[in-house]
Amino acid sequence: MDNPEHGRSSSSPSVKVQELAKSRRRRPGQEIHVVLSDASSFFVSMRVWEESPFHEGDELPVAVWQSILDRSAIVQVRGQAISLLARSEHSRFLLTQKLLQRDLPVDIIRSVLDDLERDGALSDRRYAESWVRSRLSGHPEDPRHMVARLRERGIAGDLAAAAVESVMRDDGTDEAGLAREYAERLTRRRALSGEQIVDKLVRRGFSHRVARSVAADAASDDSASDDPGLR
């Protein structure tokens, strides 16, 4: 059989099973290593084999092998996708890229991810909101920058903007608030001039107007703290 890993074609109408053995590959779920009489070999999910068992010496039509291999690929892709999602939220784009790196068939990946989206296990909206929350807690930056970063991760522009707006609204913050928070983190580490604060905020995507306003507030706070009459 040609392309035995995913069973896309065969040069004969039927092929005999020559050898079966449990696989030792490090992949989710148990598998059986199948060797056929035409010297081709591939792996079949144990679950699929239990549903449609075959044994050494059995001769099966190519169409049956095609069905077995496609069903096995679905089990394999779904298992790996769920394993990745169990560790962290993923966008559909990022999850697709990771599965493609594991040399899994594109059409099966597309079908499985469609099912996971319908089931709610995979959600670009949920991923986007989770990413924004993480970003705000660790690396505050301008909302426009966050939208751009989400788009790089495969999130549609309108969905990215909605996620940023929703999370910021829930947190009760805005662009100026994020800029102040970031400036406070910077100045806790070391003293910075107003221009240095502006420069660093602009590099994080904040507008010059917001950056200068925050820098002016920081300078005013410093002056107040240095005034002996206010101590």
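The values are calculated or read from the model by the stated rules, or taken from the named source; none is laboratory data. Being a predicted model, the structure only gives us computed values, none of them experimental. As a convention, Cβ positions derive from the backbone with ideal geometry for all residues, glycine included, and neighbour counts pool all protein chains shown.
Is it fair to say Ile32 is of a type in the set (A, V, I, L, M) and either farther than 30 Å from Ala156 by Cα or assigned by TED's automatic domain parsing to the domain that holds Ser134 (or both)?
It is true that Ile32 is of a type in the set (A, V, I, L, M) and either farther than 30 Å from Ala156 by Cα or assigned by TED's automatic domain parsing to the domain that holds Ser134 (or both).
Could you list, in sequence order, the residues of the stretch 97-113 that are surrounded by fewer than 19 Cβ atoms within 10 Å (Cβ to Cβ) and at negative phi?
Of everything in the stretch 97-113, those that are surrounded by fewer than 19 Cβ atoms within 10 Å (Cβ to Cβ) and at negative phi turn out to be Gln97, Lys98, Leu100, Gln101, Arg102, Val106, Asp107, Arg110, Ser111.
Would you say Arg209 is within 30 Å of Arg92 (Cβ to Cβ), at pLDDT 85 or above, in a helix (DSSP H, G or I) and not aliphatic (A, V, I, L, M)?
Taking the combined requirement at face value, the residue does not satisfy it.
Being among the hydrophobic types (A, V, I, L, M, F, W, C) and in contact (Cβ under 8 Å) with a residue 60 or more places away in the chain is the filter; apply it to the stretch 39-97 and report the residue that is nearest to Ile109 (Cα to Cα).
Filtering the stretch 39-97 for residues that are among the hydrophobic types (A, V, I, L, M, F, W, C) and in contact (Cβ under 8 Å) with a residue 60 or more places away in the chain, the one nearest to Ile109 (Cα to Cα) comes out as Ala73.
What tally of residues in the stretch 134-165 results from selecting those that are surrounded by 14 or more Cβ atoms within 10 Å (Cβ to Cβ), of a type outside the set (A, V, I, L, M), in a helix (DSSP H, G or I) and at pLDDT 95 or above?
Residues that pass the stated criteria total 1.
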